[in-house]
Every structure is written in structure tokens, then in C-alpha cells.
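Have a look at the structure below before the remarks.
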Amino acid sequence: LLLHQTGRSAEGLDLIEQSVRLQPGNPDFQNNLGTVLRDLGRVAAAVDCFRKAVTLRPDQLAARDNLGSSLKQLGQFEGAEDIYRGTVGRNPFHVRARIGLAETLQEAGRLDEALAVFREALTIRPKDAELLHGLGVGLMEKGKLEEAADLFRQALAVDPGMARAWLMLTQVKRQKERDSELAGMEAQHAKAPQDSLARMQLSFGLGKANDDLKDYGRAFDYFAEGNAIRRKGIDYDPAKTRAEFEAMKATFDAGFFEKHKPSSVSDDTPIFVVGMPRSGTTLVEQIIASHPQVYGAGELSILKTAVGKQFPLTMKGGFPAGIADMPDKAFAEAGEAYLDMLHARYPGFKHVTDKMPGNFLLVGFLHLMLPKARIVHCARDAAATCLSIYKVHFRGDSHRYGYDLGELADFHNLYTDIMAHWHTVLPGVVHDVRYEDFVADQEGQTRALIAHLGLPWDEAVLSFHETDRPVRTASAAQVRQPMYQGSVDLWKRYGERLKPLLDRLD
């Protein structure tokens, strides 16, 4: 385990596997093996190890926490919930399990239940900074921004060095002056070790605060520091990403769609909202979800799950090239698998939005799997989109391209290219909406969008900022406000600092 923690993961994995072979009944060895496998991205294999550890020693809290978090990471929310509830039943004072349970419920779209878990836990540990922070995040997602800010302040009163709470406070508060809170965050930033997680989070928070104050030079310096720290800690290969995009285009060419016809799946429940992050996808979903016939489910991972089960990376011929030889029924089966998961999570809704931005890479699959589903593509000025990404510390590691201006530009170019490809080989399948057009003509663009979706007009969609639904993205605060024209050209205020980005954008 020490070898893994010091960057020698291959050697560490080999030694731990040897230990497990010698003592397969040792729960600590199983838990350690699972930890390394999970950190290496082999989450499903890690789950097997954590299950063995829990079976061998049911009261081992570390293994139970690892199992719950790994199941949550795989989107297996029911399994994660069972593990966390079992842990809480065994040890009511184990805060980590209560936080894990609440976060699982949040990700499963059960925000009110998650808030109840946090509140119950706070009756046991009222001064726990992690619980105060967690409840604050949940209230932010619910649109209760002032209550969220108060909870982040309470967390900081308990733990002034809690960088995540400083960062989240900046997301729900518009900085109007250089007040004592900003000075406090600057002091924590100065104390944080170089290249640490805390330093990174505080850098993004200070960038946001200075952006609010229109001190764009200082803001950019903080954003640049936060991104540089984040980039050092991730493994991203731009050449591999380019190859993946090119392979998708080569597989799903015009000849492919002459050979393979859309499946007979007639369910039109899903509405897919795709595009780059920060391109208006959350705004567009919020507008659509304000319609009484639509439930806004947010960013779902189930499309990737359905595609991965039917078309595994290990398939004959490789992925995605081997798909060309698959029978049409495979797409129908993948579509049905997706719908089974969707209806199990959100029963009874006429339409459900799936707003995973990166699904733009899977438009070819979507068309063949679910031909009756609507696909809405959100586009925005390239520089504005990229700067907005650069200013955000994303949860997880799904946007690894976003922490270097040059790499960010290259990825945006790949995205633009593949969207042009889908429009060429699948004309009329994707409906484009442009952020700038929405800001200039909200009602006209909204009416066109609702008509495209085949929904009857409802005035509620014009008051999207009043819709009471959870929003779990970086735009959680913005979608609680009406549109405003000033948001369109903000990127220009950063001027020459964006040259590495602008020089590479097509």
C-alpha cells in the first residue's frame, strides 16, 4: 500500500495481490487490494474485494465505507444505500457513513431524503464541519442559497481551514467588496501548502471572488494557479483523446448508417441535452424541466452503462471499430437496457431529461438505440465556453482536458468537429440551441425548443429560475437567476491572458 501511495502502483499492486493469494481470508488485505484497484480506475474489481472484506469482517468500518463509495461511483445507488444504512445501524455515531448515505441519496435524485439524513446527523454531532458542509451543498442544489451560505459559514467557524467550504461559499455569494471573509480566505490560501488540494480549492474560490469584484488580472492568476495544481494531479493524454474522437467518426460514417437502421424501440421518454460543459446545458435543461410533463434528472451515467454492457471495450474488433459488425438487435437491446434503468429510477414521468454533456460523443449510438428520443445540442461561443470551464473546479475527474488552456482549446476543436460530423451523417437528428440566441430572445428561442420537443406550450418554461428542482452542477446558483445579456461577452475582459487558448481554437 505504501508503494502505491508513493506512486509505484504497479509494484504495490503486485505485492498486495501476492498477500491476498497467501491469505485470502485476511479482510485487511482484501480492503487494501480494493483500495489500490479503485485508485487505478478498476472500480468494479475493487467492489469485489471490498465485498469480501466486509463478508470476512462485517464490522470493519473502512471496508464498509470503501464498498459504499465504490458502489456509488458505479451508479449502483441501491447497493450503496444498503451498505451505508447497515453501517449506520451498527454504529449510529459513524459520521462518514451518514455523509455517504446522504451523498448517495443526492446522486440518486432523492435530495429531500438526503437533507433529512444530514439534519438527523447534526442532532448527534451539531458542530461537525463535514455535516454542516454537506447540508450546505444540498441546500445549494435545492436553490436555497442564503441558507447554504449560512451553513458554509458555520462549517468554517468550526474549521477555518476547510478549503471546500470556502470554495462553496464563493459559489453562493457574490463578492461585493474586500470584506473580512475574503481576507480570511486569502489568509488560508497563504498558509496552504504548495500544490495541495486545499491550495487548489482556495485558488478557485479566490478566482471567483476576484472575478465578482471585476479584478480580472488577480482573478486569472488565482484560476491559473488552481488549474496548474489540478493538472499536475491528473493523468490526461490529449493524443489518446484525439484518437478516440477519430475512431468514433471513422466507425459511425455515412456507410455505417446505410447498413444499420434505427431500432424499433418506440419509447420517447428520454430528452438528451448534450454539449460542452458550461455551454448552457444546465440552463436548457432547467427550461425544459420547468414544463409540467418533464422531469429534470440531471447528469446521468446510465447511457454509458448501457452502451458499455452491450458494446464492451474488449469486444471483437475493438471499441468502437467492432461495432460495425454488430447486429441491429444489439442497439435495440442497449436501448431497452437504458430505458429499464431510466424508468426504474424515474417511474411515471412522460419525459425525463438526461443532461450528461459528454454524451455528444455518443450521438450515433443514441440515434440507433432510441430513435424516438430527442437530442438537444447546446452551443456557445468557443472562448466563452472554455474560459467558463477554466474558472470551475469540477467534482470528479470527468473533464481532465479542462485544466490547461491549450489542451482545453484542442478538446473544444475535437468537440466542434464531431458535432459537425453528426450533422453531416445524421441530418436533422440533433436540434441545436445557441446560448447567445437564448439570451437575446428568450421567449422566441424557448417556444422553438418546446415545439421541437413536441410539447404543448406552458408559460412555466419562461420562469425557469423559479422552478423548484435539484441542480447538481457548477451552474446550480446561476439557473436560479433570470437570463441577462451581460453574461455573453465576459470572456473579453480577460484579454491577452487568454492568448494560449485563442491561438489554438479553430
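The values are calculated or read from the model by the stated rules, or taken from the named source; none is laboratory data. Because the structure is predicted, anything quoted here is derived from the model rather than measured. Every residue, glycine among them, receives a Cβ derived from its backbone with ideal geometry; neighbour counts consider all protein chains shown.
Just a few scattered comments:
- Residue check for VAL274: on the phi < 0 side of the Ramachandran plot and in contact with a strand residue (DSSP E or B) (Cβ under 6 Å, 6 or more places away or on another chain): yes
- Residue within the range 93-109 that is over 24 Å from the mean Cα position of the chain (by Cα), more than 18 Å from ARG395 (Cβ to Cβ) and not β-branched (Val, Ile, Thr) present: yes
- If you go through the range 405-428 and keep only what is more than 16 Å from ARG242 (Cα to Cα) and within 25 Å of the chain's Cα centre (by Cα), you end up with LEU405, TRP422.
- Selection within the range 96-155 - in a helix (DSSP H, G or I), closer than 24 Å to ARG174 by Cα and basic (Lys, Arg): ARG153
- Only listed residue being assigned by TED's automatic domain parsing to the domain that holds ALA448 and either at pLDDT 95 or above or not in a helix (DSSP H, G or I) (or both), chosen from PHE245, PHE223: PHE245
- Taking the criterion of being touching a residue at least 60 places away in the same chain (Cβ under 8 Å) and part of a loop (DSSP other than H, G, I, E, B), the only residue of the range 188-220 that qualifies is LYS214.
- Residues that are outside any helix (DSSP H, G or I) and on the phi < 0 side of the Ramachandran plot do occur in the range 400-409, at least one of them.
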